[in-house]
1. With an 8 Å Cα cut-off and a minimum separation of 6 or more residues, compute the relative contact order for the range 249-547 in percent.
2. At 0.890 mPa s and 25 °C, plugging the Kirkwood radius over alpha-carbon pairs of the range 57-141 into Stokes-Einstein gives what diffusion coefficient in µm²/s?
3. Can you check what the Kirkwood hydrodynamic radius comes to for the range 301-450, Cα pairs only, in Å to one decimal?
4. Please state the Cα pair-distance histogram of the range 330-397 with 5 angstrom bins from zero: what percent is in each bin?
5. With a/c under 1.5 counting as rounded, go ahead and sort the range 362-462 into rounded, prolate or oblate using the C-alpha gyration tensor (a ≥ b ≥ c being the square roots of the eigenvalues; past the cut-off, prolate if a/b is larger than b/c, else oblate).
6. What is the distance in Å between the Cα centroid of the range 364-392 and that of the range 397-465?
7. Can you sort 451, 233 so the residue with the fewest Cβ neighbours within 10 Å comes first?
8. Take each of the peptides 435-441, 225-231, 46-52, 193-199, average the number of other beta-carbon atoms within 10 Å over its residues, and list them starting from the highest.
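Only the coordinates and a few stated rules stand behind these numbers; no lab work does. Only a predicted model underlies this, so the values are computations on that prediction, with no experimental measurement involved. Cβ atoms come from the backbone with ideal geometry, glycine included; neighbour counts cover every protein chain shown.
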């Protein structure tokens with residue numbers, strides 16, 4: 001059957017997105033883009049505006065009443081992404097991305113670039129290796145464009161705060177002090193390909209590292225000029241800018257003060273659960289239970305012990321997930337440790353599979369001897385099963401949906417993806433993933449952590465909280481100090497992203513409450529199958545497809 005007109009429109013938009021985000025092509029196994037880097041120039045930004053406006057105009061020509069479900073969902077996601085990206089272009093979000101210590105294949109940031117390439121690119125032929133070397137030789141242009149965006153932010157009086165630029169500068173300096181022969185950029189090239197490895201080392205020494213040196217100089221200069229307080233409210237027009245970031249991440253225009261208050265009330269409710277679990281363990285408070293865990297039970301440990309524990313939990317989560325969904329992906333994810341070069345700035349995360357590369361849950365080994373590892377089971381539920389791996393792998397394997405919707409996942413609706421991950425932590429309790437009350441306390445700590453994110457993200461950007469106040473709020477909610485510092489700086493770097501977890505979870509739980517009677521296991525499996533089949537949708541679209549109603553959360 002020939003493709004429909006709307007299918008052709010959606011595919012054209014997808015191809016345009018891949019051309020603008022070549023690392024996404026690599027991430028999804030499309031090797032056409034393996035020698036390219038994103039173009040951050042003004043000319044490229046203008047072309048992106050044409051792409052997104054053209055997609056909106058094309059979708060507007062179709063009568064929604066004549067579309068089948070798949071076409072309707074494709075159209076909704078196109079409209080969401082294009083509308084969001086146009087506002088990001090208008091408000092120059094790229095100036096913030098250039099100085100961020102975070103980053104992924106969609107929003108590439110300089111400090112994480114070489115580690116990102118090492119994890120997503122797996123050249124399997126001489127041609128693939130040659131493409132990878134060409135990509136490395138294209139990195140300096142990208143880094144120089146990042147430096148120009150930092151200068152733009154300086155001139156406009158609006159970019160990342162000092163603490164974020166200093167974190168990114170720290171990443172860049174670690175790259176500069178790592179010998180080229182030990183760079184993570186060498187990992188994708190097989191050891192036996194000696195000539196190709198020599199080419200990579202040469203490219204790093206001659207063009208890549210000098211470009212990082214230039215970027216380091218600009219980061220240092222921008223950090224000196226940057227504002228000390230982390231929030232957007234410290235900028236001219238910062239209130240409107242923060243609302244734009246909230247819309248970007250949630251695809252909803254929710255008031256920061258209402259999000260803040262919801263976070264506070266939810267945090268109080270979870271605190272009651274934490275206290276009750278601590279009492280079951282025989283301790284007077286969650287903090288005392290955590291200390292007892294560290295000193296008397298399963299901690300401290302080693303990185304190897306952490307990795308072994310994570311792998312055992314991922315295996316258990318795979319089997320247990322059969323209780324809440326009728327279909328699992330074709331394969332479980334693997335487990336690796338976060339690269340040491342990123343441990344100071346990122347906790348655990350999930351990376352989907354692609355051609356020649358399995359899905360991976362990256363567990364953080366930072367401070368393993370002092371961190372409360374009773375949270376690990378909840379991390380597994382969130383990042384592996386029944387969380388991100390179960391959800392994203394099923395989407396990737398669903399050949400009935402368009403490639404556009406198979407591969408946009410988090411880009412299409414971070415609120416759904418992260419909301420499902422947080423919801424999955426609670427599912428871990430229902431399917432028996434947590435081995436004892438310490439594991440369950442760890443899950444509740446993680447739930448409190450995400451409720452606190454509503455409070456802290458809005459506190460920083462809408463109410464002018466200091467970095468220290470944000471950190472202390474996270475510590476009071478149960479986060480170790482080191483993690484609280486990483487997270488507070490993450491919220492400063494990426495306003496609004498931290499809201500996606502709890503808001504998405506609330507939406508999924510609200511729909512479940514309306515559609516599933518308590519104790520009806522068959523109905524629950526059907527609900528999960530339906531939610532996973534719909535996949536990464538804007539929350540308002542998800543609500544409409546599940547219940548026929550309008551999104552009402554706060």
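1. Contact order relative to length: 25 percent.
2. D, rounded to a whole number, is 151 µm²/s.
3. Evaluated over the range 301-450, this radius sits at 15.5 Å.
4. P(r) over the range 330-397, rounded to whole percents: 4, 17, 27, 23, 16, 9, 4, 1.
5. Since a/c reaches 1.5 but b/c is at least a/b, the shape of the range 362-462 is classed as oblate.
6. 11
7. In order of increasing Cβ crowding within 10 Å: 233, 451.
8. 435-441, 225-231, 46-52, 193-199
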